């Protein structure tokens, strides 16, 4: 078991958060010869990085993310070989089908908006959908299909990155929470942790939905919130499609063992806390426009939040750590609805059982895209957070971007839309989706 004396006194970079962004960054940085320390208050991929659907898609992304994701897919295609690991990579495409003319019109509008990128995404006729999904039993008016998209297993990817990073000399410490960023002569100069202080030329904050807790004390405006999502793993089922599939109310992908990851494609839950109320001006319009897809829960989560703010509670005494391993319950009705929809949509699939189910907190930002930045107002700081449910697929390319930023090098991308300062500047666009 790791001990506090395992924490080095100095490093080239300290990475806070061992999700896929942190583990990928640690790997590419260690591969380049940097002395890397990666810490996490819990464990590798302990939260959303292991709880995602697993889609690796350019389809229906915000246009600002598309150049990153197109480059990211190139990395994904060779990632199993690079990491010498089975990641269940499947370039089976992304296929969205719908019986709603309004939904299809929305997808067609998106496709028109990204025409300049030359994607291989195309609209499908009813006949083309049926040809790709011969077992489909529910009516559709069309579909959207990106052949070059794919999917992989979230529980394997961050862990594989972490293993290879360790082999390259990175120090990865689980159960070591960051208490605060340290600042010297106006520059971020390290991290105060539960196990002591570590000085570094650069600090990367990629702590998921807790990132704002580290950044806010330094005057950084990051209106970060979260939405609870529910996912399940089914029993092994007959194959329906190799594509990452989204239908009316259901989403799934086929896992390596023949089971499916399944979720509702239209519904999430907001467990209202005081922070949700504090950020309401940022999210009010997005929540209102998503009224049919988001359910607000007021009650037990709010009471729990109030209790955690009492000065004698550990969460209040160590606000940057807050909850070490929050237990996030899945919303049962969402998953049962998804099961019923799956059986109705593909009746030949047989009886669908749930072998496992889980919840996760998707970190959100008001404009639906992440922060990827080396903010000039905070020299020595890098930030990669707020992925709004799209972070698993972006992990590899974000790792490379963070390495480039740590060296002051060109990334090859226009990162202006992802700058941290956009919130303070009031330059916040309407989101394509906040989760």
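Sort out for me the strands (runs of 3 or more DSSP E) sitting completely within the range 1-114 that have 2 or more residues that are surrounded by fewer than 15 Cβ atoms within 10 Å (Cβ to Cβ), touching a residue at least 24 places away in the same chain (Cβ under 8 Å) and touching a helix residue (DSSP H, G or I) at 6+ places or on another chain (Cβ under 7 Å).
none
Does the range 283-299 contain any residue that is touching a residue at least 40 places away in the same chain (Cβ under 8 Å), farther than 24 Å from residue 40 by Cβ and assigned to a loop (DSSP other than H, G, I, E, B)?
Yes.
Could you grab me the full set of residues in the range 175-228 that are in contact with a helix residue (DSSP H, G or I) (Cβ under 7 Å, 6 or more places away or on another chain), closer than 21 Å to residue 387 by Cα and in a loop (DSSP other than H, G, I, E, B)?
206, 207, 221, 222, 223, 224
With respect to residue 395, is the statement that it is within 30 Å of residue 201 (Cβ to Cβ), within 13 Å of the chain's Cα centre (by Cα), surrounded by 17 or more Cβ atoms within 10 Å (Cβ to Cβ) and modelled with pLDDT of 95 or more true?
yes
Please work out which residue is surrounded by the most Cβ atoms within 10 Å (Cβ to Cβ), limiting yourself to the range 115-135 and to residues that are assigned to a strand (DSSP E or B) and touching a helix residue (DSSP H, G or I) at 6+ places or on another chain (Cβ under 7 Å).
By that ranking, first place goes to 121.
When residue 309 is evaluated against the numbered criteria (1) within 22 Å of the chain's Cα centre (by Cα); (2) surrounded by fewer than 19 Cβ atoms within 10 Å (Cβ to Cβ); (3) closer than 27 Å to residue 177 by Cβ, which criterion, by number, is the only one it fails?
For residue 309, the failing item is (1).
Mind checking which helices (runs of 4 or more DSSP H) fall wholly inside the range 323-435 and carry at least 1 residues that are touching a helix residue (DSSP H, G or I) at 6+ places or on another chain (Cβ under 8 Å) and under 25 Å from residue 44 (Cβ atoms)?
391-406
Just to be sure, is residue 320 buried (at least 21 other Cβ atoms within 10 Å of the Cβ), at pLDDT 95 or above and either within 30 Å of residue 129 (Cα to Cα) or in contact with a helix residue (DSSP H, G or I) (Cβ under 9 Å, 6 or more places away or on another chain) (or both)?
No, not satisfied.
Out of 54, 46, 72, I need the residue that is at pLDDT below 95, within 25 Å of residue 205 (Cα to Cα) and under 19 Å from the mean Cα position of the chain (by Cα). Which one?
Every option except 46 fails the conditions.
What do you reckon, is residue 236 in contact with a strand residue (DSSP E or B) (Cβ under 8 Å, 6 or more places away or on another chain), at pLDDT 95 or above and either within 30 Å of residue 337 (Cα to Cα) or surrounded by fewer than 24 Cβ atoms within 10 Å (Cβ to Cβ) (or both)?
Criteria not met by residue 236.
The values are calculated or read from the model by the stated rules, or taken from the named source; none is laboratory data. These numbers were taken from a predicted model, which means no experiment stands behind them. All Cβ positions, glycine included, derive from the backbone under ideal geometry; neighbour counts span all protein chains shown.
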